[in-house]
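Engineer: Sharing a structure with you now.
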Amino acid sequence: MLDHGTLEQDHNNQTDILRHKMRHSAAHIMADAVLQLFPQAKMGIGPPTQDGFYYDFDVPQPFTPDDLIQIEELMNKTISQNQPFIRKELTRDEAKLLFADQPYKLEIIEAIPDAETLSIYSHGNFTDLCQGPHVENSSDIPAMKLLNIAGAYWRGDESRPMLQRIYGTAFENQEALEDHLEKLEEALRRDHRTIGRDLGLFSAHEEIGPGLIVWHPKGGILRSLIEDYWRDIHYRHGYNIVYSPHIGKSNLWETSGHLGFYKENMYAPMEIDDQEYFLKPMNCPFHIMIYRSGLHSYRELPLRIGELGTVYRYERSGVMHGLMRVRGFTQDDAHIFCMPDQVESEVGGVLDLTFEILNAFGFKDYQISLSTRPEKYVGELSLWDHATSSLESALQSRGLEHDIDEGGGAFYGPKIDIKIKDALDREWQCSTVQFDFNLPERFDLTFQDSDGERRRPYMVHRAILGSLERFFGVLIEHYAGAFPLWLAPNQVTIIPIADRHYDYCESVRDTLSNSGFRVEIDNRGERMNQKIRQAQMQKVPYMLVIGDREQENQMISARSRESGDLGSMSVHDLISKMQSEIK
C-alpha cells in the first residue's frame with residue numbers, strides 16, 4: 001500500500017527543488033537585465049532563498065521603483081526567448097580574466113579553495129560565476145515578480161561597501177505566485193511595527209539607541225500578562241525563579257568561554273574598581289554560580305532554575321528589525337541540573353511544558369528538529385550518545401514527528417529546536433532544548449552521588465518563548481493585533497451616549513473591574529459611531545453602549561469585536577460570557 005504521507009513529502013521535495021532552480025535562474029536573468037540597463041554595475045551575489053531570490057549590485061545611484069519596472073520588463077523578454085542555461089568549467093586564471101572588471105567576483109574567486117572546481121553558467125550574452133543548478137531554459141520560469149529594493153553591506157560587514165539588493169520571487173505557475181503575493185500583502189498589514197505603533201504598544205528611538213525597545217503602558221500590560229503566566233506555570237512545574245545582575249566581571253566570561261567564542265557579540269567592557277565588567281549576553285554563568293553556591297546531593301536533583309533575564313548582544317545596524325532583532329532583550333531562560341538517569345524525563349517535562357505554553361498563546365502547528373553531534377565537539381562520546389538518545393526517546397514517546405539535522409548540534413551538545421507556525425503559515429524559531437557538556441566542565445560542577453562520590457551533573461539549557469520581544473512581535477503578527485480576550489490590554493470599552501449616562505457607566509466599569517477585567521470609559525466628546533469605530537480600530541474585544549434605555553433598565557448594549565451586535569444583557573451575563581471565553 002502506498003504511504004500518502006510519503007507521497008506528499010516526495011511531491012513537496014520535488015516542488016522545493018524546482019523552485020530552487022527557477023529562483024536561482026531568475027536571479028541570473030535579473031543580473032543580466034541590470035547590466036543591460038546599467039552597464040557600469042558591479043555584481044555581488046545572487047542566491048535563491050526560501051521564498052524567492054535576490055541579487056546585490058554596486059551602482060553609482062540607488063535603484064528606484066521605476067528601475068524595477070524596466071528590469072522586470074527585460075527579464076520577461078529574456079524568459080520569453082527560451083534561452084538555454086549552459087554550464088562550463090574553467091581554470092582559476094580563466095575565471096579571473098573573464099571577470100576582470102567585476103571586483104566582487106574576483107574576491108569570490110580568490111576565496112574558493114584550490115581543490116574546488118570553478119564553473120560558470122551562461123544564457124544569451126550573460127555569464128556568471130556559479131555552481132548551479134539551474135533550469136534548462138529561461139522559459140522554464142512561468143511566473144516571476146520583482147518585489148523591492150534594500151541596502152546590504154557586502155559580505156554583511158559594515159566596514160565594506162553598501163550594495164543595492166533587489167528582491168524577487170518565482171513560482172511554477174501564476175496561481176502560486178498570486179497566492180504568495182497575497183500572503184506578502186497580508187504580512188504587510190500584520191507588520192508588528194505598524195500595529196505596535198497604531199495600538200500604542202511599544203516604540204524605538206534613535207535618542208535611546210537602535211535595537212533598544214521602550215514598552216508603552218498597553219504593551220506593558222501585555223508583557224506583564226505574559227510574564228505572570230510564565231512564572232505561574234513554571235512554579236507549578238517545579239522551577240525556581242531567580243534574578244541575576246546585568247553585568248559581570250571579565251573573569252566570569254573568561255571561565256564560561258564567552259570572551260573566547262562570543263566577544264564580537266558582546267559590548268565593550270566598563271571599568272569598575274580597576275576591574276573589567278561586561279554587559280551579559282547570556283544568563284547561563286549566573287545560574288551556574290547559583291548552583292555552585294552550595295554542595296548538592298543526588299537527592300536535590302533535578303534542580304530547575306529559571307529567569308526572565310534581560311541580556312545585551314551586539315547586532316549590526318543592518319539586521320535589526322522591530323522587535324524581531326534587537327540589541328537588548330529578555331530571555332525566558334532556564335537551566336536544569338540533573339543526573340544521567342533523569343535526563344529523558346527532564347527533557348520530556350520541558351517538551352510538555354513547551355507545548356502547554358505555546359498552546360495557551362494559540363500556536364498549534366510546529367516544526368521540530370533534532371540536531372546531532374558535529375565534527376568538532378567537546379565532551380565524551382558516550383555522553384553525546386546518551387544525551388542524543390534521551391532527546392530522541394522523549395520525542396518518540398510523545399509521538400512528535402521531527403527531522404534529524406545530522407551534525408547540526410552546537411560543539412557543546414545536541415539540541416531540539418521547535419519552530420512555531422503563525423496564522424500565515426510562517427515558521428518562527430522560539431523554543432530550544434540544548435545539552436551542554438562544556439560549562440559543567442569549565443566551572444567544575446559536581447554533585448554527591450548515592451555512593452558518596454563526586455560526579456558531574458548534566459546541564460540542559462532551555463528557552464520556550466525565546467526572546468520576549470521577538471515572541472511579542474510574532475504574537476502581534478499572528479493575531480494582527482486582535483489579541484484573545486485574556487491578553488487584550490483593554491478588554492472592554494464603555495461608550496456613554498451622553499454625559500448624563502456617565503455615572504451609570506462608572507458603576508458598570510467598577511463591577512467589571514472588581515471581577516478582574518480591564519475596562520476603559522470613552523468619555524470624549526465624539527459621536528457614538530466614531531467611538532465604536534475607534535474601539536474597533538484599537539482591537540478592543542467588547543464595546544458596551546449605554547444610553548437612556550440601558551440606564552433605566554440597568555442593562556448594557558454589548559458589541560463583540562468578533563461577532564458584532566450581541567444585543568441587550570446584564571453586566572453579570574457579560575461577565576459570565578467573558579469568564580467562559582477566557583477559561
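Engineer: Residues to consider are GLY328, GLY349, GLY318; find the one that is over 14 Å from HIS461 (Cβ atoms), touching a residue at least 60 places away in the same chain (Cβ under 8 Å), in contact with a Leu (Cβ under 9 Å, 6 or more places away or on another chain) and among the small types (Gly, Ala, Ser).
Structural biologist: GLY328
Engineer: Taking GLN367 as the residue in question, decide whether it is in contact (Cβ under 8 Å) with a residue 12 or more places away in the chain and either among the charged types (D, E, K, R) or in a strand (DSSP E or B) (or both).
Structural biologist: Yes: the conditions hold for GLN367.
Engineer: Say whether the condition of being under 18 Å from LEU118 (Cα atoms) and more than 30 Å from the chain's Cα centre (by Cα) is met by at least one residue in the range 32-44.
Structural biologist: Within the range 32-44, one or more residues are under 18 Å from LEU118 (Cα atoms) and more than 30 Å from the chain's Cα centre (by Cα).
Engineer: Follow-up question, since we're still on this one. Return the total of residues in the range 307-355 being part of a helix (DSSP H, G or I), buried (at least 18 other Cβ atoms within 10 Å of the Cβ) and charged (D, E, K, R).
Structural biologist: Of the residues in the range 307-355, 2 are part of a helix (DSSP H, G or I), buried (at least 18 other Cβ atoms within 10 Å of the Cβ) and charged (D, E, K, R).
Engineer: May I ask you to say which residue of PHE483, PHE437, PHE447, PHE471 is more than 18 Å from ILE221 (Cβ to Cβ), at pLDDT 95 or above and buried (at least 19 other Cβ atoms within 10 Å of the Cβ)?
Structural biologist: Just one listed residue meets the conditions, PHE447.
For every residue, the table says whether it meets (1) exposed (fewer than 14 other Cβ atoms within 10 Å of the Cβ); (2) farther than 30 Å from GLU185 by Cα; (3) not β-branched (Val, Ile, Thr).
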{"position": "PHE63", "(1), (2), (3)": "no, no, yes"}
{"position": "LEU68", "(1), (2), (3)": "no, no, yes"}
{"position": "LEU74", "(1), (2), (3)": "no, no, yes"}
{"position": "GLN102", "(1), (2), (3)": "no, yes, yes"}
{"position": "GLU110", "(1), (2), (3)": "yes, yes, yes"}
{"position": "ASP114", "(1), (2), (3)": "yes, yes, yes"}
{"position": "ASP140", "(1), (2), (3)": "no, no, yes"}
{"position": "ALA152", "(1), (2), (3)": "no, no, yes"}
{"position": "GLU158", "(1), (2), (3)": "yes, yes, yes"}
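Engineer: Residue pairs, Cβ under 6 Å, 6 or more apart or interchain, first in the range 373-389 and in the same structural domain as LYS415 (by TED's automatic domain parsing), second assigned to a helix (DSSP H, G or I) and of a type in the set (A, V, I, L, M, F, W, C). List them.
Structural biologist: Short answer, once both residue conditions are applied: ARG373/TRP384.
Engineer: Look through LEU424, LEU445 and report the one residue that is assigned by TED's automatic domain parsing to the domain that holds PRO374 and under 22 Å from the mean Cα position of the chain (by Cα).
Structural biologist: From the options LEU424, LEU445, the qualifying one is LEU424.
Engineer: Given the conditions (1) closer than 23 Å to TRP215 by Cα; (2) in contact (Cβ under 8 Å) with a residue 40 or more places away in the chain, report the number of the one that GLN534 does not fulfil.
Structural biologist: Result: GLN534 passes all but (2).
Engineer: Would you mind telling me which numbered condition in (1) farther than 18 Å from LYS421 by Cβ; (2) touching a Leu at 6+ places or on another chain (Cβ under 7 Å) PHE471 fails?
Structural biologist: Among (1) farther than 18 Å from LYS421 by Cβ; (2) touching a Leu at 6+ places or on another chain (Cβ under 7 Å), PHE471 violates only (1).
Engineer: I'd like the full set of residues that are out of contact with any Pro (no Cβ under 9 Å at 6 or more places or on another chain) and under 18 Å from ARG304 (Cβ atoms), limited to the range 434-459.
Structural biologist: Within the range 434-459, ASP436 is the sole residue that qualifies.
Engineer: Quick one: would you say HIS205 is modelled with pLDDT under 95 and closer than 30 Å to ARG442 by Cα?
Structural biologist: Against the criterion (modelled with pLDDT under 95 and closer than 30 Å to ARG442 by Cα), HIS205 does not qualify.
Engineer: Follow-up question, since we're still on this one. Name the one entry in ARG223, ARG197 that is among the basic types (Lys, Arg) and without any contact (Cβ under 8 Å) to a residue 60 or more places away in the chain.
Structural biologist: One residue alone meets the criteria, ARG197.
Engineer: Here's something else I'd like to know. Which pairs turn up if I take residues in the range 14-39 that are touching a residue at least 60 places away in the same chain (Cβ under 8 Å) and buried (at least 17 other Cβ atoms within 10 Å of the Cβ) and look for partners that are among the β-branched types (Val, Ile, Thr) and assigned to a helix (DSSP H, G or I) with beta carbon separation below 7 Å, at least 6 apart in sequence or on another chain?
Structural biologist: Final answer for the pair search is ILE29/THR78; ILE29/ILE79; MET30/ILE71; ASP32/THR78; VAL34/ILE71.
Engineer: Can I ask one more? Suppose we filter the range 492-536 for residues that are under 39 Å from the mean Cα position of the chain (by Cα), part of a helix (DSSP H, G or I) and more than 15 Å from HIS572 (Cβ to Cβ); how many remain?
Structural biologist: Result for the range 492-536: 8.
Engineer: Further, regarding this structure: If I filter the range 399-422 down to residues being in contact with an Asp or Glu (Cβ under 8 Å, 6 or more places away or on another chain) and not in a strand (DSSP E or B), which single residue comes out as nearest to PHE329 (Cα to Cα)?
Structural biologist: ASP422
So that you can scan it fast, the table gives a plain yes or no per residue for (1) outside any strand (DSSP E or B); (2) hydrophobic (A, V, I, L, M, F, W, C); (3) free of Cβ contacts under 8 Å to residues at least 12 places away in the same chain:
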position	(1), (2), (3)
ASP128	no, no, no
VAL135	yes, yes, no
MET144	no, yes, no
LEU147	no, yes, no
ALA150	no, yes, no
ARG160	yes, no, yes
LEU163	no, yes, no
THR169	no, no, no
ALA176	yes, yes, no
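Engineer: Next question. Just to be sure I understand, how many residues within the range 228-269 are farther than 27 Å from ASP444 by Cβ and at pLDDT 95 or above?
Structural biologist: 10
Engineer: Tell me whether the range 302-316 contains one or more residues that are within 20 Å of THR432 (Cβ to Cβ), aliphatic (A, V, I, L, M) and within 17 Å of the chain's Cα centre (by Cα).
Structural biologist: Within the range 302-316 (the criterion being within 20 Å of THR432 (Cβ to Cβ), aliphatic (A, V, I, L, M) and within 17 Å of the chain's Cα centre (by Cα)), the answer is yes, since at least one residue qualifies.
Engineer: So which of VAL519, VAL508 is β-branched (Val, Ile, Thr), within 30 Å of THR194 (Cβ to Cβ) and either modelled with pLDDT of 95 or more or buried (at least 20 other Cβ atoms within 10 Å of the Cβ) (or both)?
Structural biologist: VAL519 is the lone residue from the list that is β-branched (Val, Ile, Thr), within 30 Å of THR194 (Cβ to Cβ) and either modelled with pLDDT of 95 or more or buried (at least 20 other Cβ atoms within 10 Å of the Cβ) (or both).
The values are calculated or read from the model by the stated rules, or taken from the named source; none is laboratory data. Owing to the predicted nature of the structure, the values given are computational and were not obtained by experimental measurement. A quick note on method: Cβ atoms are made from the backbone with ideal geometry, for glycine too, and the neighbour counts reach across all protein chains shown.
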